[in-house]
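Throughout, read-outs are computed from the coordinates displayed, never taken from laboratory work. Small disclaimer: the values here were computed from a predicted structure and weren't measured. Here the Cβ is made from the backbone with ideal geometry for all residues, glycine too, and neighbour counts use every protein chain on show.
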């Protein structure tokens, strides 16, 4: 009995060629079977849909904006691994204050170590 079916391939919302390129960017991946590629593409679609639905649920507007997406990612433990990829936006002034604060902390550490 033949294990392969003659069903036509199921359409995906994401281009499978792009998913394959991303998967092949890992040095541990040598070969990607068509079934694995399809499964990864569908899993990615489901993940994006889940993230979008969670963002939409926490939103009163009709659409999704970056700041709302960043709020969901940074406030929900499930999406914690995305915190570096989707951070809260900050202004340039806030950035310079952070940099200045880091420099002040470094200066105070240097002066305290020099005095010892």
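For residue 60 and residue 32 in the same chain, what is the full-extension length gain: residue separation times 0.36 nm, less their Cα-Cα distance, in nm?
Details: separation 28, 0.36 × 28 = 10.08 nm, distance 4.14 nm.
Working it through step by step, the gained length comes to 5.9 nm.
Give, in nm to one decimal, the length gained when the segment between residue 95 and residue 49 is fully stretched (0.36 nm per residue of separation minus the Cα-Cα distance).
The residue 95-residue 49 span can extend by a further 13.4 nm.
Cβ neighbours within 10 Å, averaged per peptide: list 22-35, 43-56 in order, most packed at the top.
Working: 22-35: 9.1, 43-56: 13.9.
The peptides rank, most packed first, as 43-56, 22-35.
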